[in-house]
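The values are calculated or read from the model by the stated rules, or taken from the named source; none is laboratory data. In this text the structure is predicted, and so the values were computed from the model without any measurement. Don't worry about glycine lacking a Cβ; one is built from the backbone with ideal geometry, like all the others, and counts go over all protein chains shown. Each accessible area value is taken on the protein alone, full model and side chains, heavy atoms only, with ligands, DNA and RNA left out. Shrake-Rupley method; radii C 1.70, N 1.55, O 1.52, S 1.80 Å.
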Amino acid sequence: MCALMKVGSKRLSCVLSSLNSLSLRRFCSTLAPGSIHPTAIVHPNAVLGQGISIGPFCTVGSTVKVGNGCQLYPGSHIFGNSEIGERCVLMTGAVVGDDLPGRTLLGCNNIIGHHAVVGVKCQDLKYKSGDECFLEVGDNNDIREHTSIHRSSKSSDTTVIGNNNLIMGSCHIAHDCKIGNNIIFANNTLLAGHVVVEDYAHTAGAVVVHQFCHVGSFSFIGGGSVIAQDVPKYMMVAGERAELRGLNLEGLRRHGFTAQEIRSLQTAYQKIFMPAEISKGFDERLADMEMREELAHISVVCSMVQSIRDSFEGKRRGICKFRHWNGS
């Protein structure tokens, strides 16, 4: 009899759970624009735009501003001094902002995925409690589930995310990073503090980038790579300690680079990293490239050479090594 009662109790619990889940889905699907679910906690001082829908068990803090047409799915939260642009969507479990000095700013048309955490305190031990810290996110970004994006580590800096980026699940963008536009970070791409990623860069999955590294525009990082030095523009790197593996040819073609531009980049790459004779040092080969009449006037070649030179300026970390590179 006891066993039968236990089985019956389990079945009843499953049925009730299914009914509750079904009711919640129905409730969310019928939540009209401009409506706030009665279980949501919305501070009376929060500034809400028109046509906002706020689902069950959401939280909106006292200094929050939410733009027109935003949707907060069940169990999503906005804290601290946070401003959310128009038509943003927070999926279930998403958290934006933190009760810290400073600000979190999101542009328009951003999607914050399930259980993503955006605009919270950094993990830098140098951060001093009470210091202002900042995050600015542009427009049209798709930030997927379980991603974390942290505010800056000091008041004089800002973590910045540009526009039109796809940041896949379980990525991490640490304090003071500068992320450009039209970038794709595949799952589990992890950026340490102060990393700079330029427009149209693309990472495969499980990539780790050392602090203060720069990743150039239109570059590609192979899956499972560890980036300990800069990745120059237009190049492809891969490896446990990533090495240059040539140009990102497929990426260049997809983004409309002409055949002449690609051929010129290939010639320049070969002259710099794969010379027929290795009597000249690396700086000499760069200088020779800048003097070549047939290449010096081509803007993409000049941009690539300048990207390489910049990586050796100041406190920059240099570039990823070429696996057969014999230069200095």
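Just to compare against my own numbers: the Cα pair-distance distribution for the stretch 190-293, 5 Å bins, whole % per bin, please.
3, 12, 21, 22, 18, 15, 8, 2, 0
Could you sort Asp124, Asp131, Asp283 by accessible area so the largest value comes first, with the probe set to 1.4 Å?
Ranking Asp124, Asp131, Asp283 by accessible area, largest first, yields Asp283, Asp131, Asp124.
Using a Förster radius of 22 Å, what is the FRET efficiency between Glu261 and Arg316 based on their Cβ-Cβ separation? Nearest 0.05, please.
Numbers: r = 26 Å, r/R0 = 1.18.
My answer for the efficiency is 0.25.
Subtracting the Cα-Cα distance from 0.36 nm times the residue separation, let me have the gained length for Lys271 to Glu240 in nm, one decimal.
That pair, Lys271 and Glu240, stretches by 8.6 nm at full extension.
So, for the chain, what is the accessible surface per residue at a probe of 1.4 Å, expressed in square angstrom?
Working: 16240 Å² over 328 residues.
Accessible area per residue, the chain: 50 Å².
Choose one answer from Ser35, Ser217, Ser311: the residue with the largest mean-square fluctuation in a GNM of the chain with alpha-carbon springs under 10 Å.
For the chain, modelled as a Gaussian network with Cα springs under 10 Å, the answer is Ser35.
Quick one: pull the percent of accessible area on the stretch 175-328 belonging to carbon and sulfur, 1.4 Å probe, ligands and nucleic acids left out. Mind showing how you got there, number by number?
Numbers: 3670 of 7350 Å².
Carbon with sulfur: 50 percent of the solvent-accessible area.
Quick one: with all protein chains in place, what share of the accessible area of the stretch 95-170 is carbon or sulfur, to the nearest percent (1.4 Å probe)? Walk me through the intermediate numbers first.
Numbers: 1530 of 3270 Å².
Of all accessible area on the stretch 95-170, carbon and sulfur atoms account for 47 percent.
Out of these labelled values of volume of the Cα convex hull per residue in Å³, [x] 124; [y] 186; [z] 144, which was calculated from the coordinates shown here?
Structure-derived value, by its label: [y].
Would you mind getting me the FRET efficiency between His297 and Leu166? Use the beta-carbon distance for r and R0 = 30 Å, nearest 0.05. Mind showing how you got there, number by number?
Values: r = 35 Å, r/R0 = 1.16.
So the FRET efficiency works out to roughly 0.30.
Sort Glu198, Glu250 by accessible area with a 1.4 Å probe, largest first. If you can, show how the numbers build up before the last one.
Values: Glu198 60, Glu250 90 Å².
From most exposed to least exposed: Glu250, Glu198.
Pull up all non-local amide H partners of Val137: gap of 5 or more, or a different chain, and H-to-H distance under 5 Å with H placed in the peptide plane.
Distant-sequence amide H within range of Val137: Leu105, Leu106, Gly107, Ile161.
Just tell me which aspartates and glutamates come within less than 15 Å, Cα to Cα, of Lys321; anything on the same chain fewer than 8 places away is out.
Cα-Cα hits under 15 Å: Asp230, Glu240, Glu243, Asp283.
Can you tell me how the stretch 93-179 classifies by the Cα gyration tensor, rounded, prolate or oblate, using a/c under 1.5 as the rounded cut? Let's see the in-between values first.
Working: a/c = 1.86, a/b = 1.59, b/c = 1.17.
Judged from the Cα gyration tensor, the stretch 93-179 comes out prolate (a/c at least 1.5, a/b above b/c).
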